[in-house]
1. Is at least one residue of the range 25-47 under 13 Å from the mean Cα position of the chain (by Cα), under 17 Å from Glu115 (Cβ atoms) and aromatic (Phe, Trp, Tyr)?
2. Does the range 78-133 hold any residues that are part of a loop (DSSP other than H, G, I, E, B), among the hydrophobic types (A, V, I, L, M, F, W, C) and either surrounded by fewer than 11 Cβ atoms within 10 Å (Cβ to Cβ) or out of contact with any helix residue (DSSP H, G or I) (no Cβ under 9 Å at 6 or more places or on another chain) (or both), and which are they?
3. Just give me the residues in the range 38-77 being without any contact (Cβ under 8 Å) to a residue 24 or more places away in the chain and surrounded by fewer than 17 Cβ atoms within 10 Å (Cβ to Cβ), in sequence order.
4. Go through (1) more than 21 Å from Asn145 (Cβ to Cβ); (2) outside any strand (DSSP E or B) for Val49 and report which single condition fails.
5. If we keep just the residues of the range 58-77 that are among the basic types (Lys, Arg) and assigned to a loop (DSSP other than H, G, I, E, B), which is nearest to Glu40 (Cα to Cα)?
6. Which one of Glu88, Glu40, Glu56, Glu71 is among the acidic types (Asp, Glu) and over 21 Å from Pro133 (Cβ atoms)?
7. Mind checking which pairs have a first residue in the range 9-30 that is touching a residue at least 24 places away in the same chain (Cβ under 8 Å) and a second that is surrounded by 11 or more Cβ atoms within 10 Å (Cβ to Cβ) and basic (Lys, Arg), Cβ under 6 Å, 6 or more apart or different chains?
Amino acid sequence: MIHSKNSAKAIIIDNDKVLLLKKKYDDGSIIYTLPGGTQESGETLEQAVIREVYEEVAAKVSVIKLLNVYEHQRNSKKHHDDISHKIEFAFLCHLEEVYQPKMGDIPDPHQVAVEWKNVNHLTQLTLSPKRLPEIITRYMTPDANIYLGDISQ
C-alpha cells in the first residue's frame with residue numbers, strides 16, 4: 001500500500017547560511033534537513049510551514065514564495081511492504097525577528113539541534129534529501145522550474 005502526504009518545508013537564508021535541523025538516529029548516523037513537516041487537515045501549506053517552523057525551531061517566519069515542489073518515496077519504516085510517498089513544498093521564508101538557533105517545543109523526531117550552515121558547504125554534510133543543496137540554492141535562480149519531480153534516487 002502507498003501512503004501519501006504533503007509536507008511543507010522552510011528555506012530560511014541569512015546572508016550565506018541556511019537554517020537546518022540536525023537529526024541523530026539510533027545507529028549513530030547524523031543527517032541535516034529543512035525545518036517543516038506534515039500538513040494537517042484544514043490547514044493551508046503556508047499555515048503548515050509557519051506552524052512547523054515554530055514547533056521545531058522556535059522561529060516566527062513569514063512566507064515569501066513557493067520555491068520548489070518535489071516528491072520522494074521509500075519503504076515504510078514500520079511496515080516494510082508499504083511505500084511512504086511524500087510530496088514536499090519548499091517555501092522561501094523570512095524571519096520575523098532576530099533569531100538564534102534553538103530547539104522548539106515540539107521538535108521533529110530524532111532532532112538534536114538547529115544550526116546555521118553555510119550554503120557553499122552543504123555538500124560536506126549528509127543531507128535528506130540528498131539533492132537538498134540544489135533545492136536550497138534555487139532561490140538564486142527565480143526563473144527555475146518549480147517542480148523537480150521524483151528525487152528518490
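1. Yes: one or more hits.
2. Residue satisfying the conditions is Val98 alone.
3. Matches in the range 38-77: Glu40, Ser41, Gly42, Glu43, Thr44, Gln47, Asn75, Lys77.
4. Failed condition: (1).
5. By that ranking, first place goes to Lys60.
6. Residue meeting the stated conditions: Glu40.
7. So the pair list comes out as Val18/Lys117; Leu20/Lys117; Ile30/Lys24.
Yes/no per residue for (1) at pLDDT 95 or above; (2) in contact with a helix residue (DSSP H, G or I) (Cβ under 8 Å, 6 or more places away or on another chain); (3) hydrophobic (A, V, I, L, M, F, W, C):
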site: His3; (1), (2), (3): no, no, no
site: Asn6; (1), (2), (3): no, yes, no
site: Lys22; (1), (2), (3): yes, no, no
site: Ala48; (1), (2), (3): yes, no, yes
site: Val63; (1), (2), (3): yes, yes, yes
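The values are calculated or read from the model by the stated rules, or taken from the named source; none is laboratory data. This structure is a prediction, so every number in the text was calculated from the model and none was measured. Counting neighbours? That spans all protein chains shown, and the Cβs are built from the backbone with ideal geometry, glycine included.
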